[in-house]
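Read the structure below first, then the notes.
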Amino acid sequence: MSTRKPILPRGLTANPAFSPAVQVGELLFVSGQVSQDNRGNVVGVGDAEAQTRQVMARLKTIVEAAGATMQDVVKITTFLTDAASYPAFNKVRGDTFPHNPPASSTVIVAALVRPEYLVEVEAVVHLPGS
Amino acid sequence: MSTRKPILPRGLTANPAFSPAVQVGELLFVSGQVSQDNRGNVVGVGDAEAQTRQVMARLKTIVEAAGATMQDVVKITTFLTDAASYPAFNKVRGDTFPHNPPASSTVIVAALVRPEYLVEVEAVVHLPGS
Amino acid sequence: MSTRKPILPRGLTANPAFSPAVQVGELLFVSGQVSQDNRGNVVGVGDAEAQTRQVMARLKTIVEAAGATMQDVVKITTFLTDAASYPAFNKVRGDTFPHNPPASSTVIVAALVRPEYLVEVEAVVHLPGS
């Protein structure tokens with residue numbers, strides 16, 4: 001029997017209505033990450049590659065706060081606001097997961113919660129030591 | 001070794017092509033819930049807050065039919081048809097999960113399956129006793 | 001303690017930036033499948049029913065490569081580019097999962113990664129023998 005445990009990395013901007021990530025057993029479910037800094041400001045306005053790098057950096061912060069590494073990411077789901085962002089996203093995804101990459105779905109949505117956001121990535125992660 | 005088991009709350013409108021929720025081990029995967037009543041009629045036409053309340057009520061019915069509570073929800077994924085619905089959704093989400101909230105992703109889609117629907121929420125839930 | 005293992009069916013078109021599916025414990029997370037053949041060509045241009053059949057065939061190939069069957073699919077998430085594709089998708093989904101169907105969410109997105117794609121389906125699958 002597993003416990004359900006929120007993961008709250010220090011310094012991450014918090015919306016009290018949800019947790020950055022929640023662990024249950026060997027799995028960690030990570031909230032959709034957008035390109036913001038720790039004060040909630042948008043990073044990389046108009047630049048899909050810069051935004052994807054920031055999104056992956058935030059994902060890494062959460063994954064490591066849970067005691068895992070990016071090699072433990074099992075699945076990512078990506079929401080882009082423009083199909084033209086896909087090549088930049090694909091490049092950064094390749095850099096982020098050079099070996100044994102996760103499963104992945106990518107779709108183009110109408111918008112994200114703030115109009116400046118071009119990319120949102122959520123993840124399921126394996127926590128091998130749990 | 002776990003079993004795979006559909007959860008079928010009494011009275012919920014059924015589309016024979018999918019299950020309201022399926023349990024595997026300690027996890028319950030809940031289908032995307034929309035704002036309808038038990039006869040399939042839309043509830044809260046044009047009102048994102050009323051629709052979100054109905055969606056969360058349906059989610060609660062399914063979660064409780066599986067023997068869990070809303071405190072056991074690990075992750076929700078929300079699809080809105082208009083970014084203008086986000087404040088109403090965010091308010092109801094906060095009311096629904098006042099403590100230890102789930103991980104969450106929210107995106108704006110082009111549409112949902114029926115044009116009256118403004119919000120759809122799916123969930124992954126921890127079933128601690130399983 | 002479970003291992004994390006990529007599933008790589010022979011012949012499936014590969015994007016090196018992600019895995020077709022990744023297994024962790026009793027769960028298999030399958031990447032979003034689109035209607036392409038093994039050389040990466042689009043199958044069923046303009047035909048939502050033909051595309052859904054191809055998507056489900058690809059899903060089946062991956063599920064069986066992992067040692068499971070379509071009866072073990074726990075949850076599917078479907079992204080359509082047009083609400084008008086829903087009846088065709090719903091029909092093929094019913095044919096694909098005639099008994100004990102998975103949980104399911106279906107939304108209409110702005111687009112998929114290639115403009116010819118009308119439907120993308122990702123899945124979570126139970127691997128009972130793991």
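The values are calculated or read from the model by the stated rules, or taken from the named source; none is laboratory data. From a predicted model like this one, the values you see are computed outputs, not experimental measurements. Note that each Cβ is placed from the backbone with ideal geometry, even for glycine, and that neighbours are counted across all protein chains shown.
Descriptive notes on the structure:
- C:LEU12 being modelled with pLDDT under 95 and aliphatic (A, V, I, L, M): yes
- Residues that are surrounded by fewer than 20 Cβ atoms within 10 Å (Cβ to Cβ) and either within 27 Å of B:LYS5 (Cβ to Cβ) or more than 7 Å from chain B (Cβ to nearest Cβ) (or both), drawn from segment C:72-112: C:ASP82, C:ALA84, C:PRO87, C:ALA88, C:ASN90, C:LYS91, C:GLY94, C:ASP95, C:PRO98, C:HIS99, C:ASN100, C:ALA111
- Residue match in segment A:60-69 (condition: more than 20 Å from A:ASN15 (Cβ to Cβ), small (Gly, Ala, Ser) and more than 8 Å from every other protein chain (Cβ to nearest Cβ)): yes
- Flag: B:GLU120 matches the condition of being more than 10 Å from chain A (Cβ to nearest Cβ), outside any helix (DSSP H, G or I), at negative phi and not hydrophobic (A, V, I, L, M, F, W, C).
Yes or no, residue by residue, for (1) over 22 Å from A:THR96 (Cβ atoms); (2) not aliphatic (A, V, I, L, M):
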{"residue": "C:PRO16", "(1), (2)": "no, yes"}
{"residue": "C:SER19", "(1), (2)": "no, yes"}
{"residue": "C:VAL24", "(1), (2)": "no, no"}
{"residue": "C:GLY32", "(1), (2)": "no, yes"}
{"residue": "C:ASP37", "(1), (2)": "yes, yes"}
{"residue": "C:GLY40", "(1), (2)": "yes, yes"}
{"residue": "C:VAL43", "(1), (2)": "yes, no"}
{"residue": "C:ASP47", "(1), (2)": "yes, yes"}
{"residue": "C:GLN54", "(1), (2)": "yes, yes"}
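- Every condition in (1) free of Cβ contacts under 8 Å to residues at least 24 places away in the same chain; (2) within 20 Å of C:GLN36 (Cα to Cα) is met by C:GLY94 except one, and the failing one is (2).
- Restricting attention to segment A:36-65, the residues being among the hydrophobic types (A, V, I, L, M, F, W, C) and surrounded by fewer than 21 Cβ atoms within 10 Å (Cβ to Cβ) number 6.
- Tallying residues that are assigned to a loop (DSSP other than H, G, I, E, B) and more than 20 Å from A:THR78 (Cβ to Cβ) within segment A:18-46 yields 7.
- Residue in segment C:20-35 that is away from chain A (no Cβ under 14 Å) and buried (at least 17 other Cβ atoms within 10 Å of the Cβ) present: yes
- Of all the criteria given as (1) surrounded by fewer than 22 Cβ atoms within 10 Å (Cβ to Cβ); (2) outside any loop (DSSP other than H, G, I, E, B); (3) not hydroxyl-bearing (Ser, Thr, Tyr), the one not satisfied by C:PRO115 is (2).
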